[in-house]
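The values are calculated or read from the model by the stated rules, or taken from the named source; none is laboratory data. Here the structure is a predicted model, which means the values were calculated and not measured. Here Cβ is always computed from backbone atoms with ideal geometry, including for glycine, and neighbour counts include all displayed protein chains.
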Amino acid sequence: GGTKQISVDFRLITASNRDLAALVDEGKFREDLFYRLNVVNITVPPLKDRKEDILPLCDYFLDKINKKYGINKELTPKARETLMNYSWPGNVRELSNVLEMAAVASIGKNITEDLYF
């Protein structure tokens with residue numbers, strides 16, 4: 001709302017699940033914007049290719065969910081196995097959503113392998 005110009009120093013962090021370089025080549029993403037955004041590129045493989053991350057992420061999300069809802073849910077060993085064997089096309093967001101739905105909808109302390117995919 002002011003009239004004075006104020007200098008700022010910030011870093012913009014962006015994410016995409018698309019190959020932006022390929023989209024630039026196809027003319028579907030602006031080349032100038034791509035090069036402004038693509039200063040430091042960090043590629044994170046999909047969750048299906050990082051199976052070792054699934055259970056630690058489950059523990060992290062379940063801890064947050066338990067605190068959020070004031071509950072104390074735990075995954076059964078069979079539920080953990082089911083989560084490890086799923087391909088996770090929606091990646092980490094899908095994992096988080098599945099765990100939240102399972103925690104809220106499950107009866108009792110244990111979240112069983114009958115998860116909500």
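List of remarks:
- Residue within segment 104-115 that is of a type in the set (Asp, Glu) and under 14 Å from the mean Cα position of the chain (by Cα) present: no
- Which numbered condition residue 4 misses (of (1) in a loop (DSSP other than H, G, I, E, B); (2) within 24 Å of the chain's Cα centre (by Cα)): (2)
- Conditions (1) charged (D, E, K, R); (2) surrounded by 12 or more Cβ atoms within 10 Å (Cβ to Cβ); (3) within 28 Å of residue 113 (Cα to Cα): number failed by residue 49: (2)
- Residue in segment 96-117 that is nearest to residue 48 (Cα to Cα), counting only those that are touching a helix residue (DSSP H, G or I) at 6+ places or on another chain (Cβ under 6 Å) and assigned to a helix (DSSP H, G or I): 96
- Sole exception among (1) at pLDDT below 95; (2) in contact with a Gly (Cβ under 8 Å, 6 or more places away or on another chain); (3) not charged (D, E, K, R) for residue 115, by number: (2)
Condition check ((1) in contact (Cβ under 8 Å) with a residue 60 or more places away in the chain; (2) surrounded by 13 or more Cβ atoms within 10 Å (Cβ to Cβ)) across all residues:
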residue	(1), (2)
17	yes, no
20	no, yes
28	no, no
39	no, no
99	no, yes
102	no, yes
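Every residue, every condition in (1) touching a helix residue (DSSP H, G or I) at 6+ places or on another chain (Cβ under 8 Å); (2) modelled with pLDDT of 95 or more; (3) polar (S, T, N, Q), yes or no:
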| site | (1), (2), (3) |
| --- | --- |
| 13 | no, no, no |
| 26 | no, yes, no |
| 42 | no, no, no |
| 46 | yes, no, no |
| 49 | no, yes, no |
| 66 | yes, yes, yes |
| 76 | no, yes, yes |
| 92 | yes, yes, no |
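- Filter result for residue 62 (more than 29 Å from residue 107 (Cβ to Cβ), at pLDDT 95 or above and either in a loop (DSSP other than H, G, I, E, B) or of a type outside the set (Ser, Thr, Tyr) (or both)): no
- Residue check for residue 71: β-branched (Val, Ile, Thr) and under 20 Å from residue 13 (Cβ atoms): no
- In segment 52-72, the residues that are surrounded by 15 or more Cβ atoms within 10 Å (Cβ to Cβ) reach residues that are acidic (Asp, Glu) with C-beta atoms within less than 6 angstrom, at least six apart or across chains, in these pairs: 65/100.
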